[in-house]
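Since the structure comes first, as structure tokens, the remarks are kept for the end.
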């Protein structure tokens, strides 16, 4: 994962519609950007072609599940990552270890995260099955499986901030490299989110920021909104 990070530990994931939009986002975000697409928005061949174009500009592209973290898209996202060598793959926790092994078997190792949801209570997270699991135990499993990153979604802006901070602190303590929150993150709450995790010791923090920055008609990520988010996160 790229080493240019805001405050030495933050990258921002925004969706890019095309190469022109990607370039605008990178400039607006001062290079602190991990651009992405979602599996839900593309057929596999079209996704691979888009990522190949993006990789003429950037080294790593994130392949998201889409559909608010729809776990049914895990296999499609994995196939896109394999064929494009995107570099960053979002997966449900239940499939993340398999995906890493599959990529390794294809000699196409990539960064894979493990998606879980907030439970509404500090100290537990919710798996894709709906079962709640102790956060410490969950993070220990992630470590045992060798998964480098945990994605928490949907955080609903600040609604689950205490849970996000607790998860990030535990992940850092157990040497998980990154935590990636998503859902409801905007220019109005990004500073409070960053302030909440900045002293946890986490090596890498990747907010995924979608709806609040996407133009409703063109579906492009709006560079001005990207710039505002970067500015507020820097304050």
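Read-outs: derived from the displayed coordinates by stated rules, not from any lab. Quantities reported herein were computed from a predicted structural model and do not represent experimental measurements. Neighbour counts run over all protein chains shown; Cβ positions are idealised from the backbone, glycine included.
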What is the distance in Å between the Cα centres of region 137-164 and region 173-235? 15 Å
Which three lengths, in whole Å and largest first, does region 1-72 cover when its Cα atoms are put on their principal axes? 35, 25, 18
Can you run the Rg to Rh ratio on region 38-145? Use alpha carbon positions and the Kirkwood inverse-distance Rh. 1.01
Mind telling me which of 179, 27, 60 comes out most flexible in a GNM of the chain, alpha-carbon contacts under 10 Å? 27
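Could you rank the peptides 5-13, 104-112, 145-153 by their average count of other C-beta atoms within 10 Å per residue, with the highest value first?
On the way: 5-13: 18.1, 104-112: 15.2, 145-153: 21.2.
By packing density, highest mean first, the sequence is 145-153, 5-13, 104-112.
For the chain, what does the relative contact order come out to in percent, with C-alpha contacts under 8 Å and a separation of six or more? Mind showing how you got there, number by number?
On the way: 466 pairs, mean separation 44.6, N = 235.
Averaging sequence separation for qualifying contacts and normalising by length gives 19 percent for the chain.
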Taking the chain as a Gaussian network, where each spring joins two C-alpha atoms under 10 Å apart, which residue of 216, 207, 154 fluctuates the most? 216
The simple spin-label model distance between residue 175 and residue 94, using points 7 Å out along Cα→Cβ, in nm, is 3.0 nm
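Tell me, what is a quarter of the convex hull surface for the C-alpha atoms of the chain, in nm² with one decimal? Each step should come with its number before you reach the end.
Working: hull surface 44.8 nm².
Over all viewing directions, the chain projects a mean Cα-hull area of 11.2 nm².
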So how far apart, in nm, are the two label points at residue 52 and residue 162 if each is 7 Å from Cα heading toward Cβ? 5.1 nm
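Full-extension gain between residue 219 and residue 20, please, as 0.36 nm times their residue separation minus the C-alpha to C-alpha distance.
Here the segment from residue 219 to residue 20 would lengthen by 70.4 nm.
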Build a GNM of the chain with springs between Cα atoms under 10 Å: which of 57, 48, 82 gets the top mean-square fluctuation? 57
FRET efficiency for residue 136 and residue 107, using Cβ-Cβ distance with R0 set to 35 Å, rounded to 0.05: 0.55
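Rounded to the nearest 0.05, what FRET efficiency do residue 234 and residue 59 give with R0 = 22 Å and r taken as the Cβ-Cβ distance? Could you check? Walk me through the numbers before you get to the answer.
Values: r = 23 Å, r/R0 = 1.06.
Once rounded, the FRET efficiency stands at 0.40.
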